[in-house]
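S.K.: Got a structure for you, questions after.
Read the figures in this text as sums done on the coordinates, not as results from a lab. Everything numeric here is computed off the predicted structure, so don't read it as measured data. Reconstructed Cβ throughout: ideal geometry from the backbone, glycine too, with neighbour counts over all protein chains shown.
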Amino acid sequence: MADVRDLARMLRELQDQLGVCMRCGMCQSVCPLYGETGREADVARGKLALLDGLARELFHDPAGVEERMHRCLLCGSCAANCPSGVRVLDIFIKARAILTGYQGLPVAKRLVLRGFLGRPRLFDRVLEWGARAQDWIIRPADETLGTSCARFSFPFAAGRHLKALAERPFHQMVPAVDTAAGASGLKVAVFVGCLIDKIFPEIGRATLKVLDHHGVAVFLPENQACCGIPAVSAGDNTTFRKLVRHNLERFEEGSFDYLVTACATCTATIKQVWPMLFAGEKDRERRRVRALAEKTLDIHQFLCRHVILPEVPRTRDGNQEVVTYHDPCHLKKSLGAAAEPRRLIALNRHWMLKEMAQPDWCCGLGGSFNLEHYELSSGIGRRKRDQVAATGCTVVATGCPACMLQLHDMLSRAHDRIRVKHAIELYAESLDEA
């Protein structure tokens, strides 16, 4: 259970923020969950109305309040389109922390978050063992996409087409890096993130290749931990703070100009969620978090703002293939980065970018939302899949490995021969001809 004073402080903060909402309903038209269910209770306005009486409802129906608050993708579509500037994500994240602080974590979540995720070395070892044993549990589903499905029927499988764990995680391929500044005169710290480390190490390699090409020095400390977003989503502030402090210690060992990540969710978490949830901590800790957050940029933002990129080629390869681009919610809506990944894609002359109908409509993953509400997540994902397929592309690019998981699942289940790539991979491929 959380400290009562901490809960009281967070409740006061919620009440202050809730007063800004005019209940205008603008959030309804952009909410991907409402688009799937048509339920007012699933819209930000409905949840904010519920939170108005949170202190009272905590005693009457805490489980009901929690169920409503966890039916949310935390995609930020409502906040990005709110005319009153309501910080909806901040409110929902704090509400989940209050609910978990009051009720405690369920046993299964406590085991995963505090038993494994909150212990970085143990977490790495368990998933390394899992990578060796996974062939007993999963079998190939789609050769083009490299997806797998479960050999046996169990609740989590639910017909999913999964990306298997990498045979070697990125932290084994590149345990640590600390190079001197090159031609650019810049040095960046690289935050890898769980999904790139465990499932998509090729994104990590592409990131280092691009930075090296542009003469950017790299500080990549070993034993990095999760950014903390799974704990935040579950309302587990204890694990979240433990992970933040662990990462602060790792990165404070080096000197660098910026911290970059190739994961939109990690970037948004470090840059926005860390300072927000550490606002009530001691001055020194709050300053440490803010100092790192202010240096943090998505890899696309860093490259477009701080290195000299080549001009977009005016001539194209005669055998161009079509690529479309999906805007990750945390990249466009939280960080305001949409043009940057498209510019990097355009630098590869072998691809022609064709926009889908709604490139910034949420893919439907939502982290733990996908685990708890897979049918809803899939319904939203199928809408995205239809838009991708309608472009006639052979590749869909994006800037978030979490979105890549959902795209792999939806495209594989639909038997589409469309590969999924990170935008930084497409740019790294173009450097082979530079």
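S.K.: Using 0.36 nm times the number of residues separating residue 153 and residue 339, minus their current alpha carbon distance, what extension gain do you get?
M.R.: Length gained between residue 153 and residue 339: 62.7 nm.
S.K.: Here's a follow-up. In the range 215-233, which residues have a backbone nitrogen under 18 Å from the label point lying 7 Å from residue 181's Cα in the Cα-to-Cβ direction?
M.R.: It comes to 215-220, nothing else.
S.K.: Which chymotrypsin sites (Phe, Trp or Tyr not before Pro) in the range 136-238 sit in a loop by DSSP (not H, G, I, E or B) and have at most 14 other Cβ atoms within 10 Å of their own Cβ?
M.R.: 152, 156
S.K.: log₁₀ I(q)/I(0) of the range 142-206 at q = 0.19, 0.22, 0.30 Å⁻¹, via Debye over equal Cα point scatterers, no solvent, to two decimals?
M.R.: Log-scaled intensity ratios, in q order: -0.84, -0.98, -1.24.
S.K.: Here is a follow-up. If you rank 147, 179 by fewest surrounding Cβ atoms within 10 Å, what's the result?
M.R.: 179, 147
S.K.: To the nearest Å, what is the center-to-center distance of the range 199-252 and the range 348-400, using C-alpha atoms only?
M.R.: Computed from Cα coordinates, the inter-centre distance equals 25 Å.
S.K.: To the nearest 0.05, what FRET efficiency results for residue 103 and residue 49 with a Förster distance of 25 Å applied to their C-beta separation?
M.R.: According to the calculation, E is roughly 0.75.
S.K.: Continuing with the same structure: For the range 250-331, take every pair of Cα atoms, bin their distances at 5 Å starting from 0, and report each bin as a whole percent.
M.R.: The percentages, shortest bin first, are 3, 12, 17, 18, 16, 11, 8, 5, 5, 3, 1, 0.
S.K.: Quick one: net charge of residue 33's neighbours, Cβ under 15 Å, K/R +1, D/E -1?
M.R.: Neighbour charge sum, excluding residue 33 itself: +3.
S.K.: For residue 222 and residue 320, compute 0.36 nm times the residue count separating them, minus their Cα-Cα distance, and round to one decimal in nm.
M.R.: 31.3 nm
S.K.: Considering only the other residues whose Cβ falls under 12 Å of the Cβ of residue 421, what net charge follows from Lys and Arg at +1 and Asp and Glu at -1?
M.R.: Result for the local shell: -3.
S.K.: Okay, moving on. Under 4 °C and 1.567 mPa s, how fast does the range 132-290 diffuse according to Stokes-Einstein, given a Kirkwood radius computed over C-alpha pairs? Answer in µm²/s, whole number.
M.R.: For these conditions, the coefficient is 74 µm²/s.
S.K.: To the nearest 10 degrees, how steeply does helix 401-413 sit against the main Cα axis of the chain, on a 0 to 90 scale?
M.R.: With rounding to tens, the tilt is 80 degrees.
S.K.: On to the next question. If you take all C-alpha pairs in the chain, what percent of them are over 36 Å apart?
M.R.: Cα-Cα pairs in the chain separated by more than 36 Å: 25 percent.
S.K.: Also: Once you order the gyration tensor axes a ≥ b ≥ c over the Cα atoms, which shape class does the range 83-208 get: rounded for a/c under 1.5, otherwise prolate or oblate by comparing a/b with b/c?
M.R.: Oblate.
S.K.: How many times 2.2 N^0.38 Å is the alpha carbon radius of gyration of the range 321-433?
M.R.: 1.01
S.K.: Report the net charge of residues surrounding residue 290, where surrounding means a beta-carbon distance below 13 angstrom and charges are Lys +1, Arg +1, Asp -1, Glu -1.
M.R.: With Lys, Arg at +1 and Asp, Glu at -1, the net is +3.
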